[in-house]
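Here's the structure, in structure tokens; my notes come after.
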Amino acid sequence: MRPAQRDRQDTLALRQQLIGSACKLFFSHDPVKIVKAQGQYMYDEKGRQYLDCINNVAHVGHCHPDVVKAAHEQNQVLNTNSRYLHDNLVDYAKRLSDTLPEKLCTFYFLNSGSEANDLALRMARQYTKHKDVIVLDHAYHGHLTSLIDISPYKFRNLEGQKEWVHVAPVPDTYRGLYREDHEDSVTAYANEVKIIIEQAHKKGRKIAAFFAESLPSVGGQIIPPAGYFQKVAEHVHKAGGVFIADEIQVGFGRVGTHFWAFQLQGEDFIPDIVTMGKPIGNGHPLACVVTTKEIAEAFAATGVEYFNTFGGNPVSCAIGSAVLDVIEKEHLQAHAMEVGNFLMKLFKELKIKHPIIGDVRGSGLFIGVDLIKDQAERTPATAEAEHLITRLKEEYILLSTDGPGRNVLKFKPPMCFNMEDAKFVVDTIDRLLTDMEEQQLNQDKTSTCST
């Protein structure tokens, strides 16, 4: 028997009493209590429907019946660790291998993206016998100590940068070092990595890995220019390091044109290690590392077993396979491209009308709308973005911001997000921006009159 539903304020009071204050809430001044979700919609305790524009974890839609069914049916039969033979593990690995370049053929299953990135880091160091890591500025790779150390987004607010961590500029052609008017931003950004390697070598340090999200998310929904990863990989391989592509936010068809975001760089680019998480299990704790035979053999050569108690269990693998089934059956990759292109088109039209929109960028259903105070300096419109997010919540649309200036509206909805949803969101943002502009105009008039 389920306990009676608590009042929202009672739940909030208990959370404040029992849960660590470092665990933040969305809309902390007026948090939403979510009790149910289906598809791209979430529902509060009063039954009010919210359009979810940010939950990329519920990849094929909240509580998708096929995924729920797969979990339930396997739970009724067996759930145990991977030290026993079971078809679900090898069948799922085979399914994933069919989506990847041939050389990425050895799999490790885990429970979270953080675990996956930590394992990838261990593999890189074991294979190369080097320690140092190059990461992109503003990157976030997970909450484990090893990953906080390689996440500028976090370590700058904690103990600072370790001597073995090297930070390269984000290949952002809108507000980065080399912008859209640069004659060769690809080479310029890649050369920044080359310089970092040269400087590290002068200090006697050796590079184990270049570690990057295929599309930097926390950094501001960035789309690296095609060819950048190839040039970086060339410099890193020459230095004896490996290239790790973090697909935890953006994999599984989200970018529309390809199944994996690293494939946006071109067919001639293949990472040495790829990590997966978040959408892989549609909300179930599941993650994966895939690498080459050579790196896997070097990792095994230590003689130390890698065992993960829950990683690759039959239930998790059944769920992972069901997610792949739904992506295929419902043509969600093509859907992401179609709806994403439509959403980008609507926002680009809105950009002409509202000067606060400085840039619209993305691929498929990974989109960033960069809000600015002025066109010349492209100053982040942080306060305006926060106000807009709050107003959208009042309109029953859940959205959030990212980027170092917290001014980029990030769209990473469940992949069932449709054309009607896209139009509803853009029409609402259009109306709210118009209201904000009128309020600013009235304030300016009042200020002028008072002087």
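The values are calculated or read from the model by the stated rules, or taken from the named source; none is laboratory data. Remember, it's a predicted structure, so these values are computed and weren't measured experimentally. With ideal geometry, Cβ positions are generated from the backbone for all residues, glycine too; neighbour counts draw on all protein chains shown. Only protein heavy atoms, including side chains, enter the accessible area calculation; ligands, DNA and RNA are left aside. Shrake-Rupley method; radii C 1.70, N 1.55, O 1.52, S 1.80 Å.
Identify, by number, the condition in (1) in contact (Cβ under 8 Å) with a residue 40 or more places away in the chain; (2) more than 19 Å from the chain's Cα centre (by Cα); (3) over 26 Å from GLY227 (Cβ atoms) that ASN157 doesn't meet. So the condition that ASN157 fails would be (1). Take segment 397-415 and flag every residue that is charged (D, E, K, R), in a strand (DSSP E or B) and open to solvent by 10 Å² or more (accessible area, probe 1.4 Å). Of everything in segment 397-415, just one residue is charged (D, E, K, R), in a strand (DSSP E or B) and open to solvent by 10 Å² or more (accessible area, probe 1.4 Å), namely LYS410. Taken over segment 116-153, the residue count meeting the criterion of being open to solvent by 30 Å² or more (accessible area, probe 1.4 Å) and in contact with a His (Cβ under 8 Å, 6 or more places away or on another chain) is 1. Pick from ASN56, ASN88: which is crowded, with 19+ Cβ neighbours inside 10 Å, in contact (Cβ under 8 Å) with a residue 24 or more places away in the chain and in contact with a Lys or Arg (Cβ under 7 Å, 6 or more places away or on another chain)? It is ASN56.
Annotation note: of VAL360, VAL369, the sole residue that is within 22 Å of the chain's Cα centre (by Cα), open to solvent by less than 10 Å² (accessible area, probe 1.4 Å) and either within 25 Å of LEU399 (Cα to Cα) or not hydroxyl-bearing (Ser, Thr, Tyr) (or both) is VAL369.
Of the residues screened, ILE195 is not one that is surrounded by 15 or more Cβ atoms within 10 Å (Cβ to Cβ) and either assigned to a strand (DSSP E or B) or hydrophobic (A, V, I, L, M, F, W, C) (or both). Return a yes/no flag: does segment 55-72 have any residue that is on the phi > 0 side of the Ramachandran plot and either over 21 Å from the mean Cα position of the chain (by Cα) or of a type outside the set (Gly, Ala, Ser) (or both). Yes: segment 55-72 contains one or more residues that are on the phi > 0 side of the Ramachandran plot and either over 21 Å from the mean Cα position of the chain (by Cα) or of a type outside the set (Gly, Ala, Ser) (or both). Out of GLY204, GLY253, GLY240, GLY227, one residue alone is in contact with a helix residue (DSSP H, G or I) (Cβ under 6 Å, 6 or more places away or on another chain), open to solvent by 30 Å² or more (accessible area, probe 1.4 Å) and at positive phi. It is GLY240. Taken over segment 281-328, the criterion of being of a type in the set (Val, Ile, Thr) and in contact with a Gly (Cβ under 9 Å, 6 or more places away or on another chain) is satisfied by ILE319, VAL323, VAL326, ILE327.
Looking at LYS24, LYS69, just one residue is of a type in the set (Lys, Arg) and free of Cβ contacts under 8 Å to residues at least 60 places away in the same chain, and that residue is LYS24. Among the residues making up segment 379-396, those that are surrounded by 18 or more Cβ atoms within 10 Å (Cβ to Cβ) and either part of a loop (DSSP other than H, G, I, E, B) or within 20 Å of the chain's Cα centre (by Cα) (or both) are ALA381, ALA385, ILE389.
Only residues that are of a type in the set (D, E, K, R), over 18 Å from ILE195 (Cα atoms) and under 25 Å from the mean Cα position of the chain (by Cα) were counted across segment 117-139, and they come to 3.
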